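For reference, the structure discussed in these notes is given below.
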Amino acid sequence: MRILVTGGVRSGKSRHAEALLADAGRVTYVAPGRAADGSDPDWDDRVAAHRARRSSDWQTVETADLTGALAAVDGPVLVDCLSTWVVAVVDDAGLWEARSADVHDLVGARVDALCDVLERMPQAVIVTNEVGLGVVPAHRSGVLFRDLLGTVNQRVAAVCGEVHLVIAGRVLRL
């Protein structure tokens, strides 16, 4: 079972993803975004809320090395979320102002490796944001992020058996 869970911000994606693995026993929760570090109180509050909701049986791995973390997992895994991973990849490479083609090449190579690992995983739930339904971003970095994440979501969905779209806490299985 590999399921991609997508939807808008605050749609209930994470709660739904967690519920999918509620009876799985020991789950590895991979958080591939920026850790809570005191620089953004709102972000820190979100991270704390996610941590508080998780079962005490779950192991948390906070790393931008998503592929490496997944390769080391033995058992069910929940990744939350691909959008924070894409930001980390572009941030770490310092490519927000680079040519779009160069950024797509870098992220594409990382997605190739990610999909290779995911295809070998028997039980994974991956959360991502659906950003293509909103307004056109006013800034180049917003357009770049939207386009990158849309491509990443398509590639990961192709190696998942199911895609769940969460809207207002309701789930549509695609």
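When V73, V30, V9, V5 are screened for being β-branched (V, I, T) and over 19 Å from R120 (Cα atoms), only V9 passes. Taking the range 106-161 as the range and being of a type in the set (S, T, Y) and either farther than 21 Å from R2 by Cα or in a strand (DSSP E or B) (or both) as the test, the residues that pass are T128, S141.
Considering only residues that are in contact with a helix residue (DSSP H, G or I) (Cβ under 9 Å, 6 or more places away or on another chain) and either modelled with pLDDT under 80 or among the aliphatic types (A, V, I, L, M) (or both), which ones fall in the range 50-68? Once the filter is applied, which keeps residues that are in contact with a helix residue (DSSP H, G or I) (Cβ under 9 Å, 6 or more places away or on another chain) and either modelled with pLDDT under 80 or among the aliphatic types (A, V, I, L, M) (or both), the range 50-68 yields H50, R53, R54, S55, V61, A64, L66. Of everything in the range 36-73, what is assigned to a helix (DSSP H, G or I), exposed (fewer than 15 other Cβ atoms within 10 Å of the Cβ) and small (G, A, S)? Give them in sequence order. Of everything in the range 36-73, those that are assigned to a helix (DSSP H, G or I), exposed (fewer than 15 other Cβ atoms within 10 Å of the Cβ) and small (G, A, S) turn out to be A48, A49, A52, G68, A71.
Starting from residues that are at pLDDT 95 or above and of a type in the set (A, V, I, L, M, F, W, C), keep the ones in the range 1-14 and report whichever is surrounded by the fewest Cβ atoms within 10 Å (Cβ to Cβ). If we take residues in the range 1-14 being at pLDDT 95 or above and of a type in the set (A, V, I, L, M, F, W, C), then I3 is surrounded by the fewest Cβ atoms within 10 Å (Cβ to Cβ).
Annotation note: of V89, V103, the sole residue that is in contact with a Lys or Arg (Cβ under 6 Å, 6 or more places away or on another chain), part of a helix (DSSP H, G or I) and more than 21 Å from A22 (Cα to Cα) is V89. Would you confirm whether any residue within the range 137-149 is over 14 Å from the mean Cα position of the chain (by Cα), surrounded by fewer than 13 Cβ atoms within 10 Å (Cβ to Cβ), farther than 19 Å from C81 by Cα and not small (G, A, S)? Yes, there is a match, as at least one residue in the range 137-149 is over 14 Å from the mean Cα position of the chain (by Cα), surrounded by fewer than 13 Cβ atoms within 10 Å (Cβ to Cβ), farther than 19 Å from C81 by Cα and not small (G, A, S).
Filtering the range 6-65 to residues that are of a type in the set (K, R) and within 11 Å of P76 (Cβ to Cβ) leaves only R26. Kindly provide the set of residues from the range 1-51 that are farther than 18 Å from L149 by Cα and touching a Phe, Trp or Tyr at 6+ places or on another chain (Cβ under 8 Å), ordered by number. Scanning the range 1-51 gives R26, V27, T28, Y29, A36.
Within the range 54-67, residues that are under 14 Å from V117 (Cβ atoms) reach partners that are in a loop (DSSP other than H, G, I, E, B) with beta carbons closer than 6 Å, at six or more positions or on different chains, in the pairs L66/P32.
Of all residues in the range 15-35, which are among the aliphatic types (A, V, I, L, M) and either surrounded by 15 or more Cβ atoms within 10 Å (Cβ to Cβ) or under 17 Å from the mean Cα position of the chain (by Cα) (or both)? Once the filter is applied, which keeps residues that are among the aliphatic types (A, V, I, L, M) and either surrounded by 15 or more Cβ atoms within 10 Å (Cβ to Cβ) or under 17 Å from the mean Cα position of the chain (by Cα) (or both), the range 15-35 yields A17, A19, L20, L21, A24, V27, V30, A31, A35. For the structure I just gave you, tell me whether R173 is among the charged types (D, E, K, R) and farther than 24 Å from H50 by Cβ. Judged against the criteria, R173 is not a match.
The values are calculated or read from the model by the stated rules, or taken from the named source; none is laboratory data. Since the structure is predicted, the reported quantities are computational estimates derived from the model, not experimental observations. Glycine also receives a Cβ, built like all others from the backbone with ideal geometry; neighbour counts cover every protein chain displayed.
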